[in-house]
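Quick notes on the structure that follows.
The values are calculated or read from the model by the stated rules, or taken from the named source; none is laboratory data. Everything quoted here is computed from the prediction, not taken from an experiment. Every residue, glycine as well, gets a Cβ built from its backbone with ideal geometry; the counts of neighbours run over all protein chains shown.
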């Protein structure tokens, strides 16, 4: 390694906060900077003259050799091959944090933010391959290894945050079914699909009976518990493709794709019976409740999805007028 250590560039490489190694045409390591020693626990003496594939046995050998071949034949010093972490998490597997056994890692060294990770995390990397040209011929390749673990972690956290925000825009926080805005969007989509392909579609509009009395007698937290519990029960009676939304207060809407009117009426009755038979246990109280359900199904006479909702609402009012704890079908 002495030939490279005399070069000004290699003195700079020693100071870089990223890994630098240089290989020859036989893939043998000719230079290994302190950063790599710190993260791998291997000194310059440990790796000198060793094949890069022996030091990093999990490296993608075929891919790397192909990239090396591109550089061996170049005459342009500005030719660079790179691998970004978004495409491949890492090429040269090593910990994301410095190796505590490394002689180059001082016990008093202040770690950078990207070092504040658990020891079993593998370093996410950006890698850059540069040719070293002497007499118009590539003699060596310099490999720069940039620790992108913190960047990738923050990027993933950002993605997760955006997903949570997107979910919050669609989900009712209390019952964890769709909120009215998103449910109506799905209702419009399903209605248009039924219109286009003449497929059956049913809609249930469900309201918890005398729900104000529950809030008045047991408190609003108890009322919330009833909604959470019963909506969970109702969802257990439905298919994965059925679409449940909180339409407002104690009113819920359910879309049943590929379901005709008679089948929807059976689902509604099953829900009524199940809710009546399964009270909610809140603290020391056993809270009984029932539901009234309006049922309708797609008809060519419905001009849009809103007309279908209005038909279900009309059926719901009839169920209330009929004494509650029942369902009514309107077509």
Looking only at the stretch 226-236, decide whether some residue is within 21 Å of residue 328 (Cα to Cα) and surrounded by fewer than 14 Cβ atoms within 10 Å (Cβ to Cβ).
no
Answer from 326, 289, 259, 296 - the residue that is at pLDDT 95 or above and more than 28 Å from residue 185 (Cα to Cα):
289
Report, ordered by the first and then the second residue, all pairs with beta carbons closer than 6 Å, sequence separation of six or more or different chains, a first member in the stretch 37-51 that is surrounded by 18 or more Cβ atoms within 10 Å (Cβ to Cβ), and a second member that is assigned to a helix (DSSP H, G or I) and at pLDDT 95 or above.
47/55
Being in contact (Cβ under 8 Å) with a residue 12 or more places away in the chain, surrounded by 17 or more Cβ atoms within 10 Å (Cβ to Cβ) and more than 17 Å from residue 308 (Cβ to Cβ) is the requirement here; does residue 244 meet it?
no
Has the stretch 68-85 got any residue that is surrounded by 17 or more Cβ atoms within 10 Å (Cβ to Cβ) and either over 24 Å from residue 152 (Cβ atoms) or at pLDDT 90 or above (or both)?
yes
Run residue 190 past the list (1) surrounded by fewer than 20 Cβ atoms within 10 Å (Cβ to Cβ); (2) part of a helix (DSSP H, G or I); (3) touching a residue at least 60 places away in the same chain (Cβ under 8 Å) and report the number of the one that doesn't hold.
(1)
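Of the residues 23, 55, 29, only one is at pLDDT 95 or above and within 21 Å of residue 88 (Cα to Cα); which?
Values: 23 fails: within 21 Å of residue 88 (Cα to Cα); 29 fails: within 21 Å of residue 88 (Cα to Cα).
Only one candidate passes the filter, namely 55.
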Of the residues in the stretch 144-175, how many are in contact (Cβ under 8 Å) with a residue 12 or more places away in the chain and not in a helix (DSSP H, G or I)?
8
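If only one of 259, 326, 280 is touching a helix residue (DSSP H, G or I) at 6+ places or on another chain (Cβ under 8 Å), crowded, with 17+ Cβ neighbours inside 10 Å, free of Cβ contacts under 8 Å to residues at least 60 places away in the same chain and farther than 15 Å from residue 204 by Cβ, which one is it?
280
Considering only the stretch 216-224, I want to know if a residue exists there that is under 29 Å from residue 168 (Cβ atoms), buried (at least 22 other Cβ atoms within 10 Å of the Cβ) and either assigned by TED's automatic domain parsing to the domain that holds residue 320 or at pLDDT below 95 (or both). Spell out how you get there, then give the answer.
Narrowing the stretch 216-224 to residues under 29 Å from residue 168 (Cβ atoms): 218-224.
If we keep only those that are buried (at least 22 other Cβ atoms within 10 Å of the Cβ) as well, we get 223.
Adding the requirement that they be either assigned by TED's automatic domain parsing to the domain that holds residue 320 or at pLDDT below 95 (or both) leaves 223.
Within the stretch 216-224, one or more residues are under 29 Å from residue 168 (Cβ atoms), buried (at least 22 other Cβ atoms within 10 Å of the Cβ) and either assigned by TED's automatic domain parsing to the domain that holds residue 320 or at pLDDT below 95 (or both).
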Residue check, residue 255 over 23 Å from residue 280 (Cα atoms), under 27 Å from the mean Cα position of the chain (by Cα), assigned to a strand (DSSP E or B) and assigned by TED's automatic domain parsing to the domain that holds residue 282:
yes
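Residue by residue, here is whether (1) in a strand (DSSP E or B); (2) over 16 Å from residue 251 (Cα atoms) holds:
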site: 270; (1), (2): no, yes
site: 281; (1), (2): yes, yes
site: 293; (1), (2): yes, no
site: 309; (1), (2): no, no
site: 323; (1), (2): no, yes
Pairs under 6 Å by beta carbon, first residue in contact (Cβ under 8 Å) with a residue 12 or more places away in the chain in the stretch 74-100, partner in a loop (DSSP other than H, G, I, E, B) and surrounded by fewer than 13 Cβ atoms within 10 Å (Cβ to Cβ), six or more apart or different chains?
75/136; 93/58; 96/121; 97/119
Flagged in the stretch 119-136 as touching a residue at least 40 places away in the same chain (Cβ under 8 Å) and either within 30 Å of residue 99 (Cα to Cα) or loosely packed, with under 12 Cβ neighbours inside 10 Å (or both), in numbering order, are 123, 125, 126, 127, 128, 129, 130, 131, 132, 136
For residue 307, which of the numbered conditions (1) out of contact with any strand residue (DSSP E or B) (no Cβ under 6 Å at 6 or more places or on another chain); (2) buried (at least 21 other Cβ atoms within 10 Å of the Cβ) fails to hold?
(2)
